[in-house]
1. Of the residues in the stretch B:226-244, how many are part of a helix (DSSP H, G or I), touching a residue at least 24 places away in the same chain (Cβ under 8 Å) and not aliphatic (A, V, I, L, M)?
2. Inside the stretch A:73-124, can you point out the residues that are under 18 Å from the mean Cα position of the chain (by Cα), more than 7 Å from chain B (Cβ to nearest Cβ) and more than 15 Å from A:R162 (Cα to Cα)?
3. Provide a single number: the residues in the stretch B:117-139 that are surrounded by fewer than 18 Cβ atoms within 10 Å (Cβ to Cβ) and in contact with a helix residue (DSSP H, G or I) (Cβ under 7 Å, 6 or more places away or on another chain).
4. Evaluate the stretch A:39-49: report whether one residue or more is within 17 Å of the chain's Cα centre (by Cα), within 13 Å of chain B (Cβ to nearest Cβ) and within 21 Å of A:A164 (Cβ to Cβ).
5. State all residues of the stretch B:245-265 that are loosely packed, with under 15 Cβ neighbours inside 10 Å and without any contact (Cβ under 8 Å) to a residue 40 or more places away in the chain; if no residue qualifies, say none.
6. May I ask you to list pairs of residues, at least six apart or on different chains, whose Cβ atoms are under 9 Å apart, with the first in the stretch B:22-47 being modelled with pLDDT under 95 and the second being small (G, A, S) and in a helix (DSSP H, G or I)?
7. Just one of A:V209, A:V196, A:V232 is modelled with pLDDT of 95 or more, among the β-branched types (V, I, T) and more than 21 Å from A:N33 (Cβ to Cβ); which is it?
Amino acid sequence: MTITAEKPLVKIEGLHKYYGHHHVLRGIDMTVNQGEVSVVIGPSGSGKSTMLRCVNLLESISSGRISVGGQLIGYREVNGKLHDLKTKEIAAQRREIGMVFQRFNLFPHKTALQNVMEAPVHVKGQSKAEAQKRALELLDRVGLGDRAGHYPSQLSGGQQQRVAIARALAMEPELMLFDEPTSALDPELVGDVLNVMKDLAKSGMTMIVVTHEIGFAREVGDTLTFMDGGVVVESGDPREIIANPQHARTKEFLGRVL
Amino acid sequence: MEHHQHRDEPVLNKSVPVRHPGRWLSAVIILAFVAVFLQSLFTNPNFRWDIVGTYILDVKVVQGVGWTLLLTVASMVLAIVLAILLAFMRQSDNPIFRWSSWVWVWFFRGTPVYTQLVFWGLIAVLYPKISAGVPFGPELFSLDTASVVNATVAAILGLGLNESAYLAEIFRAGLKSVDKGQQEAAEALGMSKGKIMWRIILPQAMRVIVPPTGNETIGMLKTTSLVLAVPFTLDLTFATNALANRTYLPVPLLIVAAIWYLVITSILMVGQHFIEAYYGKGVDNLAPAAANPAAAKAAGAGADVKHSMKTDFPEESAR
């Protein structure tokens, strides 16, 4: 893994986030290389989800810079001064970044197939026939080819999350963000979703995964980042960190979740 | 989960149900009242059912029904268009839009519809000419207000603008009822603001918006009887009143009007049922293939999709 030429796809530099006076992120630096699976763990309230949401601007960036594929997210830099991007330009940046939410957020008034087809047809302008063919392939890939005509309310949580992954993949993003994708699932449904994510990682997708699944981090992760109190406490090879955490806080957290 | 036929199947409990004497008593009392009322309908000569029969299909009455329907539909369409606009403005980032929308609702909801109708009837007195041009500068064109805002237009404007204020609040509540995650998921896919609103948020908000809007439409049907204030004199209430005054028989003509209002209301309720089923897709209405053509097409396209009617959750599909 370490032999391949490492091209950074995501660069987070000095990221701070305030909600009013509440200082949630206190200077995050992080790099994710092309094709890498970067797993982020940490106690709730550590800011890991907020950090992830900053990457596709679901949260505004209070301070610092994020770039994806060499493109500055949310701003245009002119003579060293930052200018906010227009809503349209932000939407264009988001098309390159897929996101999977903890609570799936499928469109309940659309079937699984329509959920996956929505963005290719209405954002990319693909023909319906083309988008449908591709959507059925994607649903097959996540093991739900036979559920195309079902509404989200007719699917289990695990199935909904897999449709949500297919929906994000339909835009052919260069980066996938996972915000605690298995936290809202019954334990016996977690495995199916993790398997889909493992396949995706094997196919070379660059992924940032915020999760509590330490097993997934150990098995699939290329890097593991432990966050607490809005800062990165420790980062490195997942297997090393899990086996031999260097910081007391990491040790304490791993002790509680393992 | 296989079901084996056991010889010792459980014996179902046969319990004695709780008795409800109160239900029987209330049924007897209510049925007695209904019987007395029905008897009076047939025996009381003052109802003058013969007059009801004579006038129910009278040309003036039927035309009145037509005008009442026209006023209802036209003013509701105007109100819905304005209300969507007002609701969008109300949650806009632009403070001028938010403020304008608030003032509009405050004014049109805060004054009686009767007053507003009288006002629209008098608009030609207030502004004899409508003209467009540069303020304090040259005029581009000019029209007589009375020729543009005739009684029909005044009635539709009066009813529609007043209603838009109420509907704006209903639409606002509907938009607010949609989970924030829907907006975020659509944003994360890179959808534009307009597409998010029209394709994701509004269709889901409609589930909440349709029932009270149906209520408002039925209310509007009867509010049209106030257009006498404009004055507009062709609607159902005015037509039946005029006939009542001429024949000195108010009761049978009130019954004629009531029957027609009930008929129209019933038709509107049927329409509302279908609109609710349409916007309940995926939530209240889970007929998969029939309700959406794309899935039906998909089911025809691939053999593996043919099983799509099967579900892991029989208890859910049975609903």
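1. Within the stretch B:226-244, the subset part of a helix (DSSP H, G or I) is B:226-229, B:236-244.
Next cut, touching a residue at least 24 places away in the same chain (Cβ under 8 Å) only: B:226-227, B:229, B:236-240, B:242-243.
This time we only want the ones that are not aliphatic (A, V, I, L, M), so: B:237-238, B:240.
Summing the residues that are part of a helix (DSSP H, G or I), touching a residue at least 24 places away in the same chain (Cβ under 8 Å) and not aliphatic (A, V, I, L, M) in the stretch B:226-244 gives 3.
2. From the stretch A:73-124, those under 18 Å from the mean Cα position of the chain (by Cα) are A:73-74, A:90-106, A:116, A:119; that's our starting set.
Those left that are additionally more than 7 Å from chain B (Cβ to nearest Cβ): A:73-74, A:90, A:93, A:96-98, A:100, A:102, A:104, A:106, A:116.
Across the stretch A:73-124, the qualifying residues are A:I73, A:G74, A:I90, A:Q93, A:E96, A:I97.
3. Filtering the stretch B:117-139 for residues surrounded by fewer than 18 Cβ atoms within 10 Å (Cβ to Cβ) gives B:118-119, B:122, B:125-139.
Checking the rest, the ones that are also in contact with a helix residue (DSSP H, G or I) (Cβ under 7 Å, 6 or more places away or on another chain) come to B:118, B:127-130.
Looking only at that region, the number is 5.
4. The answer is yes; a qualifying residue exists.
5. Correct list: B:N245, B:R246, B:Y248, B:P250, B:A258, B:L262, B:V263.
6. B:F47/B:S40
7. Values: A:V209 fails: more than 21 Å from A:N33 (Cβ to Cβ); A:V232 fails: more than 21 Å from A:N33 (Cβ to Cβ).
When all the criteria are applied, what remains is A:V196.
So that you can scan it fast, the table gives a plain yes or no per residue for (1) closer than 21 Å to B:Y55 by Cα; (2) modelled with pLDDT under 95; (3) small (G, A, S); (4) touching a Ser or Thr at 6+ places or on another chain (Cβ under 9 Å):
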{"residue": "B:T217", "(1), (2), (3), (4)": "no, no, no, yes"}
{"residue": "B:M220", "(1), (2), (3), (4)": "no, no, no, yes"}
{"residue": "B:A229", "(1), (2), (3), (4)": "no, yes, yes, yes"}
{"residue": "B:L234", "(1), (2), (3), (4)": "yes, yes, no, yes"}
{"residue": "B:T247", "(1), (2), (3), (4)": "yes, yes, no, no"}
{"residue": "B:V256", "(1), (2), (3), (4)": "yes, no, no, yes"}
{"residue": "B:I259", "(1), (2), (3), (4)": "yes, no, no, no"}
{"residue": "B:L262", "(1), (2), (3), (4)": "yes, no, no, no"}
{"residue": "B:Y278", "(1), (2), (3), (4)": "no, yes, no, no"}
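The values are calculated or read from the model by the stated rules, or taken from the named source; none is laboratory data. Since this is a predicted model, take the numbers as computed values, not measurements. Methodologically, a virtual Cβ is constructed for each residue, glycine included, from the backbone with ideal geometry; neighbour enumeration extends over all protein chains shown.
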